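Structure first, then comments.
The values are calculated or read from the model by the stated rules, or taken from the named source; none is laboratory data. Nothing here was measured: the structure is a model prediction, and the numbers come from that model. So basically every Cβ, Gly included, is an ideal-geometry build from the backbone, and we count neighbours across all protein chains shown. What goes into the accessible areas is simple: the full protein's heavy atoms, side chains included, and nothing from ligands, DNA or RNA. Shrake-Rupley method; radii C 1.70, N 1.55, O 1.52, S 1.80 Å.
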Amino acid sequence: MQYSPLGSTGLTVSKLCFGTLTIGPLQRSFSPSVGGRILAAALERGINLVDTAQLYRTYEHIAWALKSTDCEPVVVSKSYAYTAKDMEAAVLEARQHLGEHIPLVFLLHEQESEHTLRGHWPALEYLLQAQTKGMVQGIGISTHYIRAVEAAAALPEIQVISPLINRSGVGIVDGSRDEMLAACQTAVAQGKTLFAMKPLGGGHLMAQRRLALQYLRDQSWLTSTAVGMKSEQEVAYNVALFSGECVDEGFVEFDRVLHVDSWCTGCAACERACAQQAIRVRQGRAVNDPDRCVFCGYCGAACPEFAIKVI
Ligand code: SF4
Ligand code: SF4
């Protein structure tokens, strides 16, 4: 496993990051012990960067893994908070579960543009204060938008950018893969550190899994890539691939499906939560467009009826 500095944060992280969205309630709904065991296996194999978010509700899974190993990974979390008060609550919630000693990087979740960044400015200002007090060790944004990468690149306050990028560009909302690449490289030139998300496009690129992961592994400008993992077998495969070793292509991976339960009321909260415009209410019920969907499960978190599952 390769390790490199996480930009100006002073932290050093592995080229492969464990994305916890897949083990939490928005996707596979593993218990903290079942999900935590998979994460612990990843930490013991040398992964030392863990991606989560307030939305993912996986702090308990991470805490379980931390208790069962001697590893002390860097944890990246995210919040949609607009205000300083809400961002403070988000950081305290993470600290409560992870302890005081685990390095914590906090991102503004799913930024879309300079406009949304300005809207979250009070939350960003809280993070800057929290950094001076040692509550967080790094600050940044996550985004599916090229224009948000461009806006963050120009802001001296931002250290870390987590963009959606993958081999075919699936899931990038406002342009192509090559346009996102150009924006990322501009950000790197501005001194930002980048770690990628959705290397498999939320499952769309599963059939070309090895090529899709190698594509991001071989981008020398990327500090790390967050990959969602649902089994120890998958951990072993990803660690071997990112370490440049031979990989076992034999294990079966199931395609993901977004399921809307019959008790959907048609309230459209899921529509508003989806940056990909991949779910729409038709004739009183939510309908998913699998060609646009990246199976992030964010619509499920917004559903007041708990009617959406990514399975
Ligand atoms: S948010 Fe839930 S209840 Fe509302 S339309 Fe979407 S699936 Fe249906
Ligand atoms: S429909 Fe739901 S799972 Fe699919 S991209 Fe939109 S928010 Fe994510």
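Being in a helix (DSSP H, G or I) and open to solvent by 50 Å² or more (accessible area, probe 1.4 Å) is the filter here, so list the residues in the range 72-100 that pass it.
Residues of the range 72-100 that are in a helix (DSSP H, G or I), as a first pass: 84-98.
Across the range 72-100, the qualifying residues are K85, D86, E88, A89, L92, E93, Q96, H97.
Go through (1) open to solvent by 30 Å² or more (accessible area, probe 1.4 Å); (2) in a loop (DSSP other than H, G, I, E, B) one by one and return the number of the condition K67 breaks.
Tallying (1) open to solvent by 30 Å² or more (accessible area, probe 1.4 Å); (2) in a loop (DSSP other than H, G, I, E, B), K67 fails exactly one: (2).
Return the residue satisfying two criteria in turn: it lies in the range 144-169 and is in contact with a His (Cβ under 9 Å, 6 or more places away or on another chain) and of a type in the set (S, T, N, Q), and of such residues it is nearest to F195 (Cα to Cα).
N166
Pick out the one residue from L222, L241, L258 that is within 23 Å of the chain's Cα centre (by Cα), within 16 Å of ligand 1 (Cβ to nearest atom) and in contact (Cβ under 8 Å) with a residue 12 or more places away in the chain.
Numbers: L222 fails: within 16 Å of ligand 1 (Cβ to nearest atom); L241 fails: within 16 Å of ligand 1 (Cβ to nearest atom).
Matching residue, one of L222, L241, L258: L258.
Which residues, counting only those in the range 101-139, are within 14 Å of D86 (Cα to Cα), in contact with a Phe, Trp or Tyr (Cβ under 9 Å, 6 or more places away or on another chain) and not in a loop (DSSP other than H, G, I, E, B)?
L108, H109, G119, W121, P122, A123, L127, A130
Q137 - would you say it is open to solvent by 10 Å² or more (accessible area, probe 1.4 Å), touching a Pro at 6+ places or on another chain (Cβ under 9 Å) and within 22 Å of A187 (Cβ to Cβ)?
Details: open to solvent by 10 Å² or more (accessible area, probe 1.4 Å): yes; touching a Pro at 6+ places or on another chain (Cβ under 9 Å): yes; within 22 Å of A187 (Cβ to Cβ): yes.
Taking the combined requirement at face value, the residue satisfies it.
For the range 150-193: of the residues being under 29 Å from G10 (Cα atoms) and hydroxyl-bearing (S, T, Y), which is nearest to ligand 2 (Cβ to nearest atom)?
Initial filter on the range 150-193 (under 29 Å from G10 (Cα atoms)): 150-166, 180-193.
Still in the running and hydroxyl-bearing (S, T, Y): 162, 186, 193.
Values: S162: 16, T186: 26, T193: 26 Å.
Here the residue is S162.
What number of residues within the range 140-170 are assigned to a loop (DSSP other than H, G, I, E, B) and either free of Cβ contacts under 8 Å to residues at least 12 places away in the same chain or open to solvent by 10 Å² or more (accessible area, probe 1.4 Å) (or both)? Don't jump to the end; show me each part of the working.
Of all residues in the range 140-170, those assigned to a loop (DSSP other than H, G, I, E, B) come to 144-145, 154-159, 165-170.
Now narrow it down to the ones that are either free of Cβ contacts under 8 Å to residues at least 12 places away in the same chain or open to solvent by 10 Å² or more (accessible area, probe 1.4 Å) (or both): 145, 154-157, 159, 167-170.
Here the count works out to 10.
Restricting to the range 198-218, and then to whatever is modelled with pLDDT under 95 and within 22 Å of V105 (Cα to Cα), can you tell me which residue is most open to solvent (accessible area, probe 1.4 Å)?
K198
Considering (1) open to solvent by less than 20 Å² (accessible area, probe 1.4 Å); (2) part of a loop (DSSP other than H, G, I, E, B); (3) in contact (Cβ under 8 Å) with a residue 40 or more places away in the chain, say which one H61 fails and leave the rest.
(2)
If K85 satisfies every condition in (1) under 18 Å from C17 (Cβ atoms); (2) more than 19 Å from the chain's Cα centre (by Cα) but one, which is the exception?
Tallying (1) under 18 Å from C17 (Cβ atoms); (2) more than 19 Å from the chain's Cα centre (by Cα), K85 fails exactly one: (1).
Residue by residue through the range 278-311, note down the ones that are assigned to a loop (DSSP other than H, G, I, E, B), in contact (Cβ under 8 Å) with a residue 24 or more places away in the chain and near ligand 2 (Cβ under 9 Å from one of its atoms).
The answer is P290, C293, V294, F295, C296, G297.
Quick check on the range 264-299: of everything there that is away from ligand 1 (no atom under 11 Å from the Cβ) and either over 20 Å from the mean Cα position of the chain (by Cα) or open to solvent by 50 Å² or more (accessible area, probe 1.4 Å) (or both), which residue is farthest from L205 (Cα to Cα)?
Q283
Among the candidates A154, A148, A212, A196, which residue alone is farther than 20 Å from L21 by Cβ and either outside the structural domain of P290 (by TED's automatic domain parsing) or within 17 Å of the chain's Cα centre (by Cα) (or both)? Break it down stepwise before answering.
Numbers: A148 fails: farther than 20 Å from L21 by Cβ; A212 fails: farther than 20 Å from L21 by Cβ; A196 fails: farther than 20 Å from L21 by Cβ.
Exactly one of A154, A148, A212, A196 is farther than 20 Å from L21 by Cβ and either outside the structural domain of P290 (by TED's automatic domain parsing) or within 17 Å of the chain's Cα centre (by Cα) (or both), namely A154.
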